[in-house]
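Peer 1: Before we start, here is the structure in question, set down as structure tokens.
The values are calculated or read from the model by the stated rules, or taken from the named source; none is laboratory data. Since the structure is predicted, the reported quantities are computational estimates derived from the model, not experimental observations. When we count neighbours, we look across all protein chains shown, and the Cβ atoms used for this are built from the backbone with ideal geometry, even at glycine. Heavy atoms of the whole protein, side chains included, go into the accessibility calculation; ligands, DNA and RNA do not. Shrake-Rupley method; radii C 1.70, N 1.55, O 1.52, S 1.80 Å.
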Amino acid sequence: SQLRWEHHIRECCRVCMDHLRVIRRLCATYWGLRPGVVSVLIRGAIFPKLFYGVSAWCGVVRFQARLLPIDRVLRQAAILTLGLLRTTSGPKALAVCGWLPADMEIRHALGRFILRQETYGRHDLLHTDYALGLNQQISALDIARHELSAFRRSRELVSRGWDHLDTFQ
């Protein structure tokens, strides 16, 4: 009624956590599904529900508090996939799974949406990127440059996570 996405995000995260609880029953340390199978299950059952219509509600990347429930779901999914302890940090678990954090996944989906629109010949669309400021009009090329720089920054975090995990090996 107030045209906010908080309720939508909260409900999607609740449903995804329920699905994760069902998938968790299929997994265990010594028996159950292998991590590769669990990853396919999660990518097929959780991710579409979690990121459905992201091109419409991508403005949540401006607010970290609205990203926290999505990050929690992704963290639980990564921990479940790999069979890690609950004390494992979210970014490290996501790095090992090869998944992006919530904000980068949303931006990646937005970039795909914009490139798809460009492919369909809609060159005159005005694109809004919420990371650069409120309602700032920029081109698809600017968004692609911004996403590429964000990917390079995240790649550094991922490599640090891998190095940290290698010390345990």
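Peer 1: Which of the residues spanning segment 80-117 are part of a helix (DSSP H, G or I), over 21 Å from R34 (Cα atoms) and open to solvent by less than 60 Å² (accessible area, probe 1.4 Å)?
Peer 2: Scanning segment 80-117 gives A102, D103, M104, E105, I106, R107, A109, L110, G111, I114, Q117.
Peer 1: Look through segment 6-39, keep the residues that are open to solvent by 100 Å² or more (accessible area, probe 1.4 Å) and within 11 Å of P69 (Cβ to Cβ), and return whichever of them is modelled with the lowest pLDDT.
Peer 2: Filtering segment 6-39 for residues that are open to solvent by 100 Å² or more (accessible area, probe 1.4 Å) and within 11 Å of P69 (Cβ to Cβ), the one modelled with the lowest pLDDT comes out as R10.
Peer 1: Which members of segment 55-79 meet the condition of being open to solvent by less than 20 Å² (accessible area, probe 1.4 Å) and under 23 Å from D18 (Cα atoms)?
Peer 2: Result: W57, V60, L67, I70, V73, L74, A77, A78, I79.
Peer 1: Could I ask something else about it? Can you tell me which of (1) over 15 Å from L100 (Cα atoms); (2) in contact (Cβ under 8 Å) with a residue 60 or more places away in the chain is the one V73 doesn't meet?
Peer 2: (1)
Peer 1: What number goes with the only condition from (1) touching a Cys at 6+ places or on another chain (Cβ under 9 Å); (2) modelled with pLDDT under 90; (3) of a type in the set (A, V, I, L, M, F, W, C) that I70 does not pass?
Peer 2: (2) is the only condition that I70 fails.
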